[in-house]
1. Using just the helices of the chain, give the 222 nm mean residue ellipticity in deg cm²/dmol: DSSP H runs with n ≥ 4 each add -39,500 (n - 2.57), and the total is spread over all residues, rounded to 500.
2. Looking at V33, P68, H52, which one has the Cα that reaches farthest to the positive end of the dipole of the stretch 17-82 (charges on Cβ: Lys, Arg +1; Asp, Glu -1)?
3. For a Förster distance of 35 Å, can you work out the FRET efficiency between the beta-carbons of A200 and R17, rounded to the nearest 0.05?
4. Considering amide H positions built from the backbone, and no H for Pro or chain starts, which residues 5 or more places from G174, or on another chain, come under 5 Å of its amide H?
5. Nearest 20 debye, what's the magnitude of the dipole of the chain about its Cα centre given +1 on Lys and Arg Cβ and -1 on Asp and Glu Cβ?
6. Mind pulling the angle between the C-alpha long axis of helix 2-22 and the longest principal axis of the chain? Nearest 10 degrees, somewhere in 0 to 90.
7. Provide, for the stretch 2-206, the number of lysine pairs with alpha carbons under 28 Å apart, each pair being eight or more places apart or on different chains.
8. Divide, for the chain, the radius of gyration over alpha carbons by 2.2 N^0.38 Å, where N is the residue count.
Amino acid sequence: MDAQLDAFLQYLTLLQRWNRRARLTALTKAESVIQLHFLDSLAILRAPFPQHARVVDVGSGAGFPGIPLAIARTDLRISLLEPAARKAAFLEHAGVELGIPTVVRHSRAEVAGHDPKWREQFDVATGRAVAKSALLAELLLPFVRVGGNAILLKGPSAEADVRELRQTAPVLGGKLLDLIRVTLPRGERRILIVISKIAATPERFPRQTVLHTRRPLTPKETPS
């Protein structure tokens with residue numbers, strides 16, 4: 001436990017040191033980073049993470065939730081996917097400095113999701129509020145093996161996304177499994193949306209324009 005606390009303090013120092021040049025986070029005060037990044041990221045552990053699971057954190061940014069997961073659960077094999085070069089460089093540096101065996105890829109999810117070395121290779125894919133829920137599911141599910149889960153870490157407004165997700169998930173080979181409601185120590189509410197992967201994702205997904213479209217997928221959509 002002491003080693004984990006030391007790692008989080010070192011991570012905090014790295015974030016503050018790199019923040020100006022890499023624009024990692026708008027939060028700079030230690031208390032805010034701990035409350036709204038570290039504890040927020042650790043809330044995702046309320047969802048199922050099998051022992052020794054292969055986990056990909058899509059759109060990792062400054063490493064949330066992937067690096068806190070790697071510190072708290074040393075059995076997990078964490079990969080961090082980040083499209084911004086400076087943030088990806090920070091993730092590489094942080095992994096070395098913290099001594100956590102993460103894999104970092106500088107790439108968009110729309111590209112990496114079609115790479116056979118990454119597609120359907122993970123037990124769990126995570127994403128933290130990087131897109132609307134249905135679009136985030138489209139980015140995450142292609143990375144998940146059949147039998148694994150995509151876990152979306154969202155704010156309370158995501159309750160309104162459930163109806164659309166019930167339509168979108170089957171198109172992507174998924175099924176909405178669970179909604180886990182979490183309250184952080186200062187009262188902030190989060191929702192973990194767990195989508196199980198029950199069939200292979202059609203090859204056309206994720207769409208290259210997924211983050212630039214507002215059109216939800218429908219059950220009638222088929223691979224082209």
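No value in this document is a laboratory result; all are computed from the given coordinates. Quantities reported herein were computed from a predicted structural model and do not represent experimental measurements. Note that we place each Cβ from the backbone using ideal geometry, even for glycine, and neighbour counts take in every protein chain shown.
1. -9000 deg cm²/dmol
2. Checking the options against the dipole of the stretch 17-82, the answer is V33.
3. After rounding to 0.05, the efficiency reads 0.25.
4. Sorted by chain and number, the residues that satisfy this are I198.
5. The calculated dipole for the chain is roughly 580 debye.
6. Helix 2-22 and the main axis of the chain meet at about 80 degrees.
7. Lysine pair count for the stretch 2-206: 16.
8. The reported ratio for this selection is 0.97.
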